[in-house]
Amino acid sequence: MSQKRVRKAVLPVAGLGTRVLPGTKTTPKELLNVVDRPILSYIVEEGRAAGIEHFVFVTGRSKGAIEDYFDHQVELEAQLAAKGKTAILEQLLAELPKPGEMSFVRQMAPLGLGHAVWCARDIIGDEPFAVMLPDVIVDAETACLKQLIDAYDSVGGNLIGVEPVPDSECHKYGVVDPSGDASGPLVAMKGMVEKPPTGTAPSNLSIAGRYILQPEIFPMLAKQGKGAGGEIQLTDAMAALMGEQAFHAFAYQGVTHDCGDKIGLLRANVGLALKRADLGEAARAAITALL
Ligand code: UTP
């Protein structure tokens, strides 16, 4: 299928992170550590592995540390070099953006995820783009966003990353309403339901934090009023666009860690530490001793 490539990703990082306060009082949620690096470092790594060439961060007040994280720390780098700590120095340098690879746009007030994505409209322009929720780490053999882009290359339109959850859990999530067979990884959609009461969910496919959207979402967002929680919701604009364009849900392979709440953040730390070649054994011993 001949269509424009997904080159850009929007990372909305302007939220208040109230579920993990007081940790997020002075540190942006997206810079909280998982094992030994910020959550955001995992997200950018995933985006790069998926071929993203331009990351658009939607930041807000007191989020300046995010821009600083993706820049040189001259004194620190000099000290590490002087002390011969070359491995960690190389790791820091390898993560820095190429010139022009990152843009930062300001959301003046946290009016909702939909509003945050809309703030990126001029930088995205007239091309399909990814949205990566920067508090969701997906531990996957093939980068989660790469899996989505591969699926997008075959069906086009708009794609929403989903994760199957037990029926008893569906009431906690936004859930996909399939328009046909929902047994394979790629499912045509006719709608979404936010937190369906137990027993009423149209599927067990929960919306997970990775999207590929067409630029026609922006006019939908522009006219979107406040939705659930008094916020401008991305899901409302997607529902409006669904009347005009195809949407598919795509069940990616991988383990999803929602680092936006306390237990999810703890689970991410434990899960990813256990998998690390250099730390796994020691982590297992420490955790076992605690249990
Ligand atoms: P969340 O709802 O998970 O983040 O939004 P939050 O609002 O920061 O968290 P809580 O509920 O208060 O704990 C998902 C992502 O969207 C961003 C957040 O920074 C988060 O990474 N976001 C949310 C914005 O950029 N702007 C907003 O207005 C809302």
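The values are calculated or read from the model by the stated rules, or taken from the named source; none is laboratory data. Please read these numbers as outputs of a predicted model, since none were measured by experiment. Counting neighbours? That spans all protein chains shown, and the Cβs are built from the backbone with ideal geometry, glycine included.
Things worth noting here:
- Flag if T59 is surrounded by 12 or more Cβ atoms within 10 Å (Cβ to Cβ) and of a type in the set (S, T, Y): yes
- The set of residues in the stretch 256-287 that are under 18 Å from R19 (Cα atoms) and either touching a helix residue (DSSP H, G or I) at 6+ places or on another chain (Cβ under 7 Å) or of a type in the set (D, E, K, R) (or both) comprises H257, D258, C259, G260, D261, K262, L265, R267.
- Every listed requirement among (1) within 16 Å of the ligand (Cβ to nearest atom); (2) in contact (Cβ under 8 Å) with a residue 60 or more places away in the chain is met by G60 save one, (2).
- Where a residue in the stretch 124-142 is closer than 16 Å to K4 by Cβ and among the acidic types (D, E) and its partner, wherever it lies, is at pLDDT below 95 and more than 16 Å from the ligand (Cβ to nearest atom), with Cβ under 6 Å and at least six apart: E127/K4
- Remark: pairs (first residue in the stretch 16-33, on the phi > 0 side of the Ramachandran plot and touching a residue at least 24 places away in the same chain (Cβ under 8 Å); second residue among the hydroxyl-bearing types (S, T, Y) and within 11 Å of the ligand (Cβ to nearest atom); Cβ separation under 6 Å; 6+ apart in sequence or on different chains) = G17/T24.
- Residue match in the stretch 49-62 (condition: part of a helix (DSSP H, G or I) and more than 15 Å from A94 (Cβ to Cβ)): no
- Residue that is surrounded by 13 or more Cβ atoms within 10 Å (Cβ to Cβ) and either without any contact (Cβ under 8 Å) to a residue 40 or more places away in the chain or among the polar types (S, T, N, Q) (or both), where the choices are G280, G209: G280
- When the helices (runs of 4 or more DSSP H) confined to the stretch 208-291 are screened for residues that are polar (S, T, N, Q), those reaching at least 1 such residues are found at 234-242, 262-275, 280-290.
Residues checked against (1) near the ligand (Cβ under 9 Å from one of its atoms); (2) part of a helix (DSSP H, G or I); (3) closer than 14 Å to E46 by Cα:
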site: L92; (1), (2), (3): no, yes, no
site: S103; (1), (2), (3): no, no, no
site: M108; (1), (2), (3): no, no, no
site: D126; (1), (2), (3): no, no, no
site: A130; (1), (2), (3): no, no, yes
site: I137; (1), (2), (3): no, no, yes
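- Residue match in the stretch 66-83 (condition: under 17 Å from the mean Cα position of the chain (by Cα) and basic (K, R)): no
- A residue that is in contact with a helix residue (DSSP H, G or I) (Cβ under 7 Å, 6 or more places away or on another chain), among the hydrophobic types (A, V, I, L, M, F, W, C), more than 22 Å from M238 (Cα to Cα) and within 16 Å of the ligand (Cβ to nearest atom) occurs nowhere in the stretch 74-88.
- When restricted to residues that are crowded, with 21+ Cβ neighbours inside 10 Å and touching a Cys at 6+ places or on another chain (Cβ under 8 Å), the stretch 220-255 contains 1.
- Scope the stretch 12-38; condition under 16 Å from the mean Cα position of the chain (by Cα), under 25 Å from G229 (Cα atoms) and β-branched (V, I, T); matching residues: V13
- Residue count for the stretch 143-184 satisfying the condition of being under 13 Å from L205 (Cβ atoms), among the aliphatic types (A, V, I, L, M) and part of a loop (DSSP other than H, G, I, E, B): 2.
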